[in-house]
Amino acid sequence: MKHLLKAILIVCFSLPCAVYAQTIQGVVRGEDGPIVGASVQEKDVSTNGVITGANGSFTLTLKGVTKTILVTAVGYLDKEITIKDTNAELTIIMEQNAKGLDDVIVVGYGTTKKITNTGAVTSVSAADVRNIPTSNIQNTLIGRAPGFISQQRTGQPGMSGAEFYIRGVNSLSGESQKPLIIVDDVEYTYDQVSQLDVNEIESFSILKDASTTAVYGIKGANGVLVITTKRGKIGKPMINANTEHAMQTPVTHPKFLDAYTVAQLRNEALRNDGLPEEFTQEDLEHWRLKDDPYGHPDVDWYHEVFKKYSYQTRNTIDISGGTPKIKYFISAGHLFQDGYLRNFSRGDYEAPKNNYAYQRFTFRSNLDMQATNTLKLRLDVTGRTGTTTEPHISTSPLATVYSYQRLPPYAAPLINPDGSYPWAFRSRNIYWETSLIGRLALQGYDKTFRNELNILFNAEQRLDFITKGLSVSWRVAYAGDISYDRSLYRNNIPAFYFNPVDSSYTIHSNGLYRLEPLTLSSSPQNTISRKTVNTLAKLNYARSFGKHNVRGMLLYNLDNVTRGSYNSATGVAAVQEYAPVVLQGTTLRLEYNYLQRYLLEFNGAYNGSSQFVGRHTKGFFPAISAGWNIAEENFFKNITFVDMLKIRASWGLTGSDVTAGNVYKTEQVYNPGPNYNFGETSNNFPSIQEGTLGNLDITWEKSRKTNVGIDAQLFNNKLSVTVDYFYDYRYDQLYVKDDVLKIIGVGLPYTNSAITENKGFDGQVSYYNRKDKLSYGATFTFSRARNKILYQGEATPRYPHLARTGRPIGQAFGYHVLGFFQTQEEVDNYPHLADAKPGDLKYEDVNGDGAIDQQDYVPIGKPNLPQTVLGTSLSFGYGNFSLNILFQGSFDYSYRISTNQVIPFQANLQKVVLGRWTPETAATATFPRLSSILAGPSSPSNSSDFWMVTNAYYIRFKNIELGYQIPKSILRKFRISAARLYASGYNLYTWANFKLYNQDPEIQSGGSGAVYPVQKVYNIGLQIGF
Amino acid sequence: MNTKIFIPIVFAVLLAACNKGNVLDQVQTTDLNEATTFSDSARTLQFLTRIYTDLNLSASPQRLGGSIGIYSIGDEVESNLQSGTAYNIIFQTGAVSALNIPTDAWEVSYANIRRVNVYLKNLPNTPLSAALKRRTEGEARFMRAWYYFIMLKHYGGIPLIGDAVFTPTDEIPGKRATFEECVNYIASECDAAAALLPLSYSGLDYGRITKGACLALKSRLLLYAASPLFNGRTDENDHGVLGYPTPDASRWEKAARAALDVINLNQYSLMEIDSPPGYGFQKVFVTRKNNEYILAYMTGNNRTLENMWDPATRGGNGSSMPYQELVDAFGTINGKPITEDLKSPTNPNGYDPANPYINRDPRLAYTILFNGGTRLDVNRTVTPVYTYVGAAQDGFPITKTGYYLRKMLDENTISSTTSSPTERCFPLLRYAEILLNYAEASNEIGDINTAYAQIKAIRKRAGINPGDDGNYGLRQNMTKDEMREVIQNERRVELAIEEHRYWDVRRWKIAERVSNKPLHGMRITRNGDTYTYETVVIRTPVFVAPKWYLWPIPQGEINKSLELEQNPGW
């Protein structure tokens, strides 16, 4: 390091002196006028350059010999000019880069040009998604990037990042389904990427096939999301500030029936079960008239607990610019997302603010230095700190509101006449909880603090003196992530039942008359630390020999990940120290093309992972790809409407070394077991047990990927089309086979056994045109991926319909429903579950043994992850106005509703219940008969396709943005160079085929349902540049 | 110049990185493995301790998840867990199949059998003293027998694996041993372990396996083996896997002798406290060290059962609600069935249907919390619990049957921290059971007088009036069949909630009679100071004979082996 510094110093102080200086003057212009901020650089003295000023003018003193200058400007083709007459005023006309063929696409460890690319890559510019008002960047990509499949499971502030997959999933291990995420060549986790601020990002690339992912070798099998951050460009300092303010409101929320209806239905259910009614006519009359708010309360808990709108704001500021010697991009960001709870607090002395919330601060400093003519240095420092807040409450407020058992509409009044909190005297006995709003007001909070720091240093040295086009770079990057929990809480509050008959108050069984003091605790089990150190050295070569263009890259990579949970106490079972994972590899890339017409590329990685031992440590992952630019052929030159037509194909091998859990899977270790208590008095004795068996022979999962694609640009590049077909064969999957008798008595080891396949197609069609002030465009993207389990060492089930092999990953099983039993006779004549009556679900006796049990399960529906994703984005521009719209749809998946969401009297009753079966409505019923028995034969706990939307789909009006560029004439007075006002929306409308249950279509199938609802957002923003 | 300096640095770094050939070597993550465990005496004993922690596998009142156990799936209690995924519902409604039957009896048993075999394999090379090696071998071998017996009562004959420690590539035998082979193996292991073990322990070793535990397990084993379900299972062509193919009355003699062997150790006695009558029956369960427990599942001071079983006013979950059938099984204070000993002017201590909880067997009040029964409350006073219709927090229909469980609860402990936790441990083998085993086996071989003596001892401790004839309500000169009825009811009452009832009705082959009919609760209506009583049907469980006399082996296991045969009907 010391030597390096010395080297830099020497370079800085020994800049070549001008021997023969000449000064030139000129103006740089485009079609529309002078270009401000263009870079004019002397070609053979790269440190000598200037930036064009207000009128596009520049003055440069030439120092070199060749007297050639290089002019570059964003959006224009680079131009090289050799100065003949140094005295004449130069006028340099720049040509707009409309063709896009020279567009640079970011791929693994480098970039490529669109025209010479032979792999399956989708690139999304961050500018396209910058104004989408969501806190997590992965929520912005679905519908825009073909092959990107995601589901946003929750809308909770700080946790709303979607799960995402590239070309679906193709591994039986959940951990090994997640794509590799690379931010500036450093690996990130799902959690880390959720924390990034979109303002820092330059572009997203999604690498899908073997030729693009083989450079990541042992980690490339699940596809790669490559994110690059913004860097400074040569130009005067530009300050860019952005502020956004938004209102969030749930996409959908439950709509519960009122107390009068519920009480009637309750009586009906009890009658159906032959039990006495719970409520008298007098009770019902009170609820109908709503005349006894304390004895017969009727509360719409959802609306009492949750507010309609919550606030969200995002503010960023960045400064970027640079000279040929130093370029910089520095930014800071702030995000605050409020929660949807109403404010129940009664002053700070009782309890701190505890609404759901997420607050995040981010900063980034990206510096590029041209230390010498041939040496470039880069230093990136970035940090993020986030705080997630949740109310301290054992069951989430929404889950409580969902539960009839805890909180029926007549559970309790909101507040007692004397201002004390009631308890839920009409709920079920085990849930005589104290007032929900009282607990929300007084029980305090749980907070999670998350801090991240990333540092990246890179040095790149051109080695033209060895051979032209050769360069070497060396990089070290650190990514650290620490999070810990802190709670300020109390577990109980005083509560009283007010009896309006005698105006008496009865204390809750917790016996509390006054507030307990708040307790401060931090939970060490939840402290997580993660540290990644990445060292990388790279040799690059690029050169043209006439018609032959050659590029090459050789890279050495060492990745060291340490992860653990910290606990200050010793020996507690909750401590999870993860075995450190080291990854080492050498990657080679060779590219050759002839006149950009015939393209050939080889990628290969020789990787090793410390997850494995012996000869299973290291492996070779090659991929080859080829392309043919037909439009470059001479015979094609006459077909003028085709600008580019390329056919490409790739084939290769990639791997996945992910193993679940926190220990090496190669060795068997012993663990502490549960304690036992010997002795005449109580004495705890620790115990030791065998851990899961190890397997020294395990190695990485392998994926054989085939991809065939076509790229076309037509009609003067107005229309572009990309389509890819793929087939992935994933084998040697790390899987615990289920074919050894449990008589063995110990956990079985992982073996490389399971095989799955995944195939499908994806692509996009886009059109863009511009006429004078009007511009318009449309892009249609599509993705389809279907997988199948080919082998998983499954013991042969008794009936073939129970086999999982041959079905998709995540296939659900359950009864097939034939309809409702309509008569007692029908019940008697067909196999049924105990207690079945007319109005219950009639399950098919598939194996014909005269009994309904799990042997009758059949595959029902599809996996929960959508198999088809479509997106359509539209853009219009006129003068200073711009409009962008995105519709996104997901198809071909299934969603199973759970007991807690729908079973009457376990869940609170929603409108769907009104379609219940009764003898009168037998023909039109849409819901089983009501019963007070929660576990009756029709319950969703008997998995069946009745409670499943087997062919679910949704289409969302995902995003709209209307912008207005304030005219420069107005801005000049305020010394503002650019200002833009915009309004945007997110998830504005959803069409789905299961609105019946008032559930968001993206939530986890069979989950509790009571997850924080996904939010729609209305946003306004102002962007100002100085 | 500058580049010349820089390049060597870059290559030096590259080389340094490349030369670290061992960079991918795994680091040590723990010092705990087979070798380090068995080369250390403390760790060796900790390995043995792990096998103890599953001893309550079958008997745990929380075995089937939450607050349900074996007692919740028979005719003893209704649970307040009513979800379709709760095992009490799955069993009682007949939704149980080989696919969703709990797998713990199979998997946890074989896991512990493996632990015993790993222990025995390593034992000779451990640094334990010779005496300790001998003793712990006995403990380990007893526990292996214990886990085999758990499987035997669930499934019938199971594969016996001896001392084998399998690896995944071994051919694991799936062939089930015959019932007789299993009984002989478990019995011989009990004998062998008994020879290695002491009669009792003191200090920190209290609670370990004793010689008495070995003999008591053998008594239970041979009693089961002699019982109708297994003793001559001629209904199935199963090569003797499900029971002895031919009946043999002499098996009762072996069972009687095995029980007598425990009694003759003179190590155990019933805990008797006369005032109030039958108080010993309450106290024994909350006394950590007592002479009645032969083997207990040892736990630290706790409120486990109070949390689960106490009613809401006592801060408990009120999770288990005894059926009327269990309540009615308790006789009167005179030791007679409530149907025979009705209250009348001439019999003031008889049963009064208008006031059903007085003049009853004292064990009733120690087993069942009924309307007006007393419990400690959060204010540290003993007050009545009311279960009549609409009674605040505890009343019907919150208690589905009108009752809560009281058995084994400590009178000084409730869920709330206003009381201290109890030192209660859960009984696995208890002397009262041995007396009942002895009574039953003796009766079956015609030694009815011996049966009388055992039942009288049980009833004396229970606080039942001896009566003028000193017979504790037992009729004179009962026949074998009459006596069998008495013994069966006595087991039901004395051993309620201790896991026995579920298996007893099966081995007696009476489950199809008692487990197919409606089970009731008591709906009590309060009218001023008086109550009216009305029985209501709570549920009608499903029992299909003979299929459900044995559990199915988990289907997942059957699928893996052609040798492993499923039980009939599943």
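Annotations
Here's the yes/no breakdown for (1) outside any loop (DSSP other than H, G, I, E, B); (2) under 25 Å from the mean Cα position of the chain (by Cα); (3) small (G, A, S); (4) closer than 19 Å to B:N56 by Cα:
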| residue | (1), (2), (3), (4) |
| --- | --- |
| B:R134 | yes, no, no, no |
| B:A140 | yes, yes, yes, yes |
| B:A145 | yes, yes, yes, yes |
| B:G157 | no, yes, yes, no |
| B:E180 | yes, yes, no, no |
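- All positions within region B:459-501 that are basic (K, R) and more than 17 Å from the chain's Cα centre (by Cα): B:R459, B:K460, B:R461, B:R475, B:K480, B:R484
- Members of region B:521-531 found to be away from chain A (no Cβ under 14 Å) and either under 19 Å from the mean Cα position of the chain (by Cα) or within 22 Å of B:I68 (Cα to Cα) (or both), listed by number: B:M522
- Condition met for A:N240 (surrounded by 24 or more Cβ atoms within 10 Å (Cβ to Cβ) and of a type in the set (S, T, N, Q)): no
- Scanning region A:778-832 for residues that are under 34 Å from the mean Cα position of the chain (by Cα) and of a type in the set (A, V, I, L, M), we see that the one that is nearest to A:R167 (Cα to Cα) is A:A785.
- Applying a threshold of 6 Å to beta carbon distances and a minimum spacing of six or more residues, or different chains, the list of pairs starting in region B:159-170 at a residue that is touching a residue at least 12 places away in the same chain (Cβ under 8 Å) and more than 8 Å from chain A (Cβ to nearest Cβ) and ending at one that is aromatic (F, W, Y) and surrounded by 12 or more Cβ atoms within 10 Å (Cβ to Cβ) reads B:L160/B:Y185.
- Summed over region B:58-103, residues that are among the small types (G, A, S) and more than 9 Å from every other protein chain (Cβ to nearest Cβ) total 10.
- For region B:93-127, the set of residues classified as of a type in the set (S, T, Y), part of a helix (DSSP H, G or I) and touching a residue at least 60 places away in the same chain (Cβ under 8 Å) consists of B:Y119 only.
- All positions within region A:123-172 that are modelled with pLDDT of 85 or more, of a type in the set (V, I, T) and surrounded by 22 or more Cβ atoms within 10 Å (Cβ to Cβ): A:T140, A:I142, A:I149, A:I166, A:V169
- Checked across region A:210-229, the condition of being out of contact with any Phe, Trp or Tyr (no Cβ under 6 Å at 6 or more places or on another chain), over 21 Å from A:L335 (Cα atoms), buried (at least 22 other Cβ atoms within 10 Å of the Cβ) and aromatic (F, W, Y) holds for at least one residue.
- Within region B:445-474, being of a type in the set (G, A, S) and in a loop (DSSP other than H, G, I, E, B) holds for B:G446, B:G463, B:G467, B:G470, B:G473.
- In the set B:E499, B:E490, B:E485, only one residue is out of contact with any Pro (no Cβ under 6 Å at 6 or more places or on another chain) and in contact (Cβ under 8 Å) with a residue 60 or more places away in the chain; that residue is B:E499.
- Note on region A:832-909: enclosed strands (runs of 3 or more DSSP E) holding 2 or more residues that are in contact (Cβ under 8 Å) with a residue 60 or more places away in the chain and aromatic (F, W, Y) are A:868-878, A:881-896.
- Residue in region B:450-457 that is modelled with pLDDT of 95 or more, within 19 Å of the chain's Cα centre (by Cα) and small (G, A, S) present: no
- Of everything in region B:543-567 that is among the aliphatic types (A, V, I, L, M) and under 22 Å from the mean Cα position of the chain (by Cα), the residue that is surrounded by the most Cβ atoms within 10 Å (Cβ to Cβ) is B:I553.
- Qualifying position, being of a type in the set (D, E, K, R), assigned to a loop (DSSP other than H, G, I, E, B) and within 14 Å of chain A (Cβ to nearest Cβ), among B:E498, B:E563, B:E534: B:E563
- Search result, residues across region B:213-247 that are farther than 15 Å from B:A140 by Cα and either within 14 Å of another protein chain (Cβ to nearest Cβ) or touching a strand residue (DSSP E or B) at 6+ places or on another chain (Cβ under 8 Å) (or both): B:A216, B:R220, B:A225, B:F230, B:N231, B:G232, B:R233, B:G243, B:Y244, B:P247
- On the stretch given as region A:635-671, residues that are under 30 Å from A:T699 (Cβ atoms) and either within 14 Å of another protein chain (Cβ to nearest Cβ) or among the hydrophobic types (A, V, I, L, M, F, W, C) (or both) total 18.
- Any chance A:G119 is in a loop (DSSP other than H, G, I, E, B), small (G, A, S), at pLDDT 85 or above and closer than 23 Å to A:M644 by Cβ: yes
- Single match in A:E961, A:E920 (criterion: surrounded by fewer than 19 Cβ atoms within 10 Å (Cβ to Cβ), modelled with pLDDT of 90 or more and of a type in the set (D, E)): A:E920
- Qualifying residue in region A:493-506 (condition: within 13 Å of chain B (Cβ to nearest Cβ), more than 30 Å from A:N355 (Cα to Cα), acidic (D, E) and not in a strand (DSSP E or B)): no
- Count - residues of region A:686-712 that are within 9 Å of another protein chain (Cβ to nearest Cβ), touching a Ser or Thr at 6+ places or on another chain (Cβ under 6 Å) and surrounded by fewer than 18 Cβ atoms within 10 Å (Cβ to Cβ): 0
- Members of region A:430-475 found to be of a type in the set (G, A, S), closer than 23 Å to A:V550 by Cβ and away from chain B (no Cβ under 14 Å), listed by number: A:G469
- Counting only residues that are of a type outside the set (V, I, T), within 28 Å of A:V869 (Cα to Cα) and away from chain B (no Cβ under 14 Å), region A:920-954 holds 6 of them.
- Where helices (runs of 4 or more DSSP H) sit wholly within region B:26-92, those with at least 2 residues that are free of Cβ contacts under 8 Å to residues at least 24 places away in the same chain, out of contact with any Lys or Arg (no Cβ under 8 Å at 6 or more places or on another chain) and under 30 Å from B:P397 (Cα atoms) occupy B:87-92.
- Scanning region A:898-919 for residues that are within 14 Å of chain B (Cβ to nearest Cβ) and not hydroxyl-bearing (S, T, Y) yields A:N900, A:Q901, A:V902, A:I903, A:P904, A:F905, A:Q906, A:A907.
- For region A:990-1026, the set of residues classified as within 30 Å of A:P904 (Cβ to Cβ) and in a strand (DSSP E or B) consists of A:T990, A:W991, A:A992, A:Q1015, A:K1016, listed by residue number.
- Test: residue in region A:331-345 that is assigned to a loop (DSSP other than H, G, I, E, B) and acidic (D, E): no
The values are calculated or read from the model by the stated rules, or taken from the named source; none is laboratory data. Because the structure is predicted, anything quoted here is derived from the model rather than measured. Cβ: placed from backbone, ideal geometry, glycine included. Neighbour counts: every protein chain shown.
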